[in-house]
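Where a number appears in this text, it was derived from the coordinates with a stated rule and is not lab data. Everything numeric in this text was worked out from a predicted model, so none of it was measured. Here the Cβ positions follow ideal geometry from the backbone for every residue, glycine too, while neighbour counts run over all protein chains shown.
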Amino acid sequence: MGAIRVDGLRKSYGAVEAVAGMNFTVERGELYGFLGPNGAGKTTTIRTLTGQVQPDAGTVRVLETDPATEPLETRRKVGILPEQGSPPSFLTPREYLEFVGEVRDLSADRVADQTVAWAERLGFESKLETLHTDLSRGQQQKVMITQAFIHEPDVVFIDEPLANLDPLVQEQVKRFLISYAAGDNAVFVSTHNIDVAEEICTRVGIVADGQLVTERSLDNGADEGEGSLLELFLERVEAEETRDTPTLEHLGS
Amino acid sequence: MTGSTTSDRPDSGGGLSTRRLLAVLFREEWRMHTQLFGGWRFALFPVVIAVLAVGATVALLETGTAQGTIVGGLHALAVAFGLYSGTAGFAGSDMLENVFGRLSLLLSSSTTLPLSRRWLLGVFLLKDALFYGVAFVLPMALSSAALTGFSAATPVAVGLFWLSLCLVFAVGMATTVGLIAIRTRGVPPWTIGLAVGLSVVGIWATGSLGAVQSVLVPVRGSAIAAGGLAVSTIVVAMVSLVAYNPTYGRPSRTATDRFARLSGALPFENAPLVTKSLLDLARSSGGVWKPFVSASILLALVAALVGVVDSITGIVPAPGIFFGGVLGLSAFTTYNWLTQFDSLEAYLAYPVSIADVFRAKRIAFVLVGAPTVAVPYLAAVIWFNATLLDAVVGAILLAGYALYYYGLTVYIAGFDPNEFLFDAVRFATFTVGVAVALVPTLVAGFVVVPPSVELAAALGVGGVVMGVIGIVLSSRAGPRWDAKYRTE
């Protein structure tokens, strides 16, 4: 049984069909890259998988829970790093992580230990007492990464994991994500960064116009005769005639 | 500032003329409002303002209120609206960029284009003054027709009244922008607050209140006085813009860990959510005093109005009933402060339901709102010598109506109470909801002084009923907004 299972998922906002019949499965131990151009339906899919949005049709299962009918149970079991970061908050990172810990029913000692460990790993020890709203975007992203992993969930949903991070921290986060997935967890990463996906993911799915148009396993690199992931991406997305995506000819010229 | 770059010079707009920028900003303003609320709902808003202003004027005249009181009240409203609109000046610095920056692409474009931030802000504020002057102040001015009656001179009277209201609206805006400019020069907020407080006390203590009132109602004064006020306002606005430091960045603030202790001390199921709300309120600009200041301003305005009515008609309302009913309105501003820096969507990353979030906000509202209204209410009943019965009934009305207004606000506006101010349908619904409770109470407060035991009992029961309705409304807000967020 997959950690994440999606069958015939559909979601519209008025006349706009954001997700138009999505099907895929993610197993434990996978670091799954969800690639697609702007407006392809990636964020809506994540929001549906985490019970933030009610689907119009289809079946979704995350760790044997149904996010549509039991969203709190789903969110209790998973970690979420949202696309838009965090709202301006006047808590310090230490207080914010205490808040997340209390909401997730974690012991104070465990939260304190995790806070110190993550602050050292991502380099925000000196910012633990600074108001969150006064942190740089990169520092805020580090705190948000911490809250997504603080309860060591079996499945994590991440929208653009490396946004605003400096190159050193990017490397640390990439290595951490690879090892975390290898520890029998599933990591679902939505990103525009094809190089990063190619570097860290075990498998990728390419989305265009609300549908999964192709998947590729990256465990053993590309097979002979297969093009790069970028070529595959442009080829499949172009085939779907996505309006907002430049064509190969445009890029060539 | 030790030096200014090309883009910081006041006249630096690159190849873009001020007129062209104004036009583009107007278009963006219109689209922002129509996008947020739907075109016709926003377009109807001036009509709602006009209906309310004219309706209230007619009703006040019918109940014997003097014309001077109504004119003064409308000018006070225009000043208050101007003070509020001037807060857009914050958008030029990084203080509230998270609030305004997301809404105005043009305003934040000084970071990416060779445009002066100060010039951009100046034109933005000018746009605001013109936009709100036409969309909101002009409908208010139509009440002049109800004051003077219809005749051939009505258009001229309305026009003059509009100019008068526009002038004091601009005074309000310039005052706020001036204070913000001082803030960007590194003057601590408490110093500014102290100076403002001392100025107000000074005006009151020296008996200059009447003089200030007459200056701030230009339509009743001389043309020279009005011209002087206009020139002064322009000077203050220009000096503020020059003094405004576009590169101001507030230093990072730190805080000791208070979350765990406070959350542990609160005996509620949703203690972490309540604690977050309280700390966000306490640490944002103005701190926990913001709701108290809002309630005190309401108290001062209403008390001044009571004084004016007394001096003209000799009628003084039952203070407990009157102030209990009116001060409950501070529920709106208190809730507004509690949601100012919060976003409902952000909570969807945690295993908490939207209903839990609303429950936590209600607890935070009671914890903050109770002392916020209790102190001004006690001051009012002592100052105006309320009888014991009147004071007790007023306290019940205050608690019940505050819960009712809170429930009404949460049910109609969810987490964005500020936004519904410009949505004709929501605003009209809120206004009717407030009037249903407040108008009969005010009438009773003016007619039966001091209140009879029967009237007091009836009003007390009414207060309890409205409080229960408020609790029901706020309880239903969770499921209602949960459905909206998850399905739309």
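Using DSSP, restrict attention to beta bridges with both residues in region A:4-252 and report what percent are antiparallel, rounded to the nearest 5.
Roughly 55 percent of the beta bridges in region A:4-252 run antiparallel, per DSSP.
Relative to one another, the C-alpha centroids of region B:168-246 and region B:266-290 are positioned 32 Å apart.
Principal axis analysis of the Cα atoms in chain B yields extents of 72, 65, 46 Å, listed in decreasing size. Note that region B:258-488 carries a Kirkwood radius of 18.3 Å, evaluated over its alpha carbons pair by pair.
What FRET efficiency comes out for B:TRP383 versus B:LYS484 if R0 is 45 angstrom and r is the Cβ-Cβ distance? Round to the nearest 0.05.
Given R0 = 45 Å and the Cβ-Cβ separation, E is 0.55.
With bins 10 Å wide beginning at 0, the percent of Cα pairs of region A:4-252 falling in each bin runs 7, 30, 35, 22, 6, 0.
In region A:22-155, Rg over Rh equals 0.99, where Rg is the alpha-carbon radius of gyration and Rh the Kirkwood radius from pairwise Cα distances. Annotation: the residues A:PHE188, B:PHE384, sorted from fewest to most other C-beta atoms within 10 Å of their own C-beta, follow the order B:PHE384, A:PHE188. Using the structure shown, select from B:LYS290/B:LYS484; A:LYS127/B:LYS361; A:LYS142/B:LYS361; A:LYS11/B:LYS484 the pairs with a Cα to Cα distance greater than 26 angstrom. Table pairs above 26 Å Cα-Cα are B:LYS290/B:LYS484; A:LYS127/B:LYS361; A:LYS142/B:LYS361.
Roughly how big is region A:1-104's charge dipole about its Cα centre, with Cβ charges of +1 (Lys, Arg) and -1 (Asp, Glu), in debye to the nearest 20?
Computed charge dipole of region A:1-104: roughly 80 debye.
Applying Stokes-Einstein at 10 °C and 1.306 mPa s to the Kirkwood radius of the protein assembly as shown, computed over alpha-carbon pairs, gives a translational diffusion coefficient of 55 µm² s⁻¹. Taking the DSSP bridge list for the protein assembly as shown and keeping only pairs wholly inside it, about 55 percent are antiparallel.
At what distance in nm do the modelled label points of B:VAL156 and A:GLU215 sit from each other, each positioned 7 Å from its Cα along Cα→Cβ? Using points 7 Å along Cα→Cβ, the separation is 8.1 nm. Sequence-distant contacts, meaning Cα pairs under 8 Å at least 6 residues apart, place the relative contact order of region B:258-488 at 29 percent. Label-to-label distance, B:VAL392 versus B:TRP204, with points set 7 angstrom from Cα along the beta-carbon direction: 3.0 nm.
Rank these for me by crowding, B:SER263, A:SER136, A:SER89, going from fewest to most other beta carbons within 10 Å.
A:SER136, B:SER263, A:SER89
From the alpha carbon centroid of region B:397-460 to that of region B:17-33 is 37 Å.
List the aspartates and glutamates whose Cα sits under 12 Å from the Cα of A:LYS77, skipping any in the same chain fewer than 8 residues away. By straight Cα distance, A:LYS77 reaches A:GLU64, A:ASP66, A:ASP105, A:GLU152, A:ASP154. At 1.567 mPa s and 4 °C, plugging the Kirkwood radius over alpha-carbon pairs of region A:94-187 into Stokes-Einstein gives what diffusion coefficient in µm²/s? For these conditions, the coefficient is 95 µm²/s.
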